[in-house]
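K.L.:
Dropping the structure in here first, questions after.
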Amino acid sequence: MKTKGHGQKTAYQNDTQNVETADALAKEHGVSPATIKRDGAKAWIIRNQLGRRNLPPYQRAELALALEPLIAKKAKENLKTSTGGTNPQPSQNSVKPVDRQKELAKLAQMSHDTLHKAKVIKEKADEPTKAKLRAGETGIFSFHRNA
């Protein structure tokens, strides 16, 4: 595979490698390659948005919470068992366990407690309140304390 100066791959080569990886993962897990690619694209978009410095904390939390289903899928994959039968045991060669709350909080650059408060607000608050939080007019902690 040809590379572009100093061992860097061209965008085309990266795309080709990503397609091959997605196809292999899809075959391994019995899902369509489009599902793998769509999840990867969604995660990439959200992670790039989290890189913006001007996001209010509530928007950061909303973006991180949008990744929750993808991280849950990753955590579920890590729990695949190597033994069958009536008492299956996790594989000894499994990768590090995934703590969804901690991973999401780390992505949002906030504590897991603040992320939990934002999740409660997302589920229970009305839209005008969420709009104020998104605009940065009020904070997660101050709203949660007064609610």
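K.L.:
Just name the residue that is modelled with the highest pLDDT out of those in the range 60-113 that are more than 12 Å from the chain's Cα centre (by Cα) and of a type in the set (Val, Ile, Thr).
P.N.:
Among them, the one singled out is Thr86.
K.L.:
Then there's this: When residues of the range 116-147 are filtered for being in contact (Cβ under 8 Å) with a residue 24 or more places away in the chain, over 20 Å from Lys102 (Cβ atoms) and surrounded by 13 or more Cβ atoms within 10 Å (Cβ to Cβ), how many remain?
P.N.:
Residues meeting the conditions: 5.
The values are calculated or read from the model by the stated rules, or taken from the named source; none is laboratory data. Just so it is clear, the model here is predicted, and its values are computed rather than measured. All Cβ positions, even for glycine, are placed from backbone atoms using ideal geometry, and neighbour counts span all protein chains on display.
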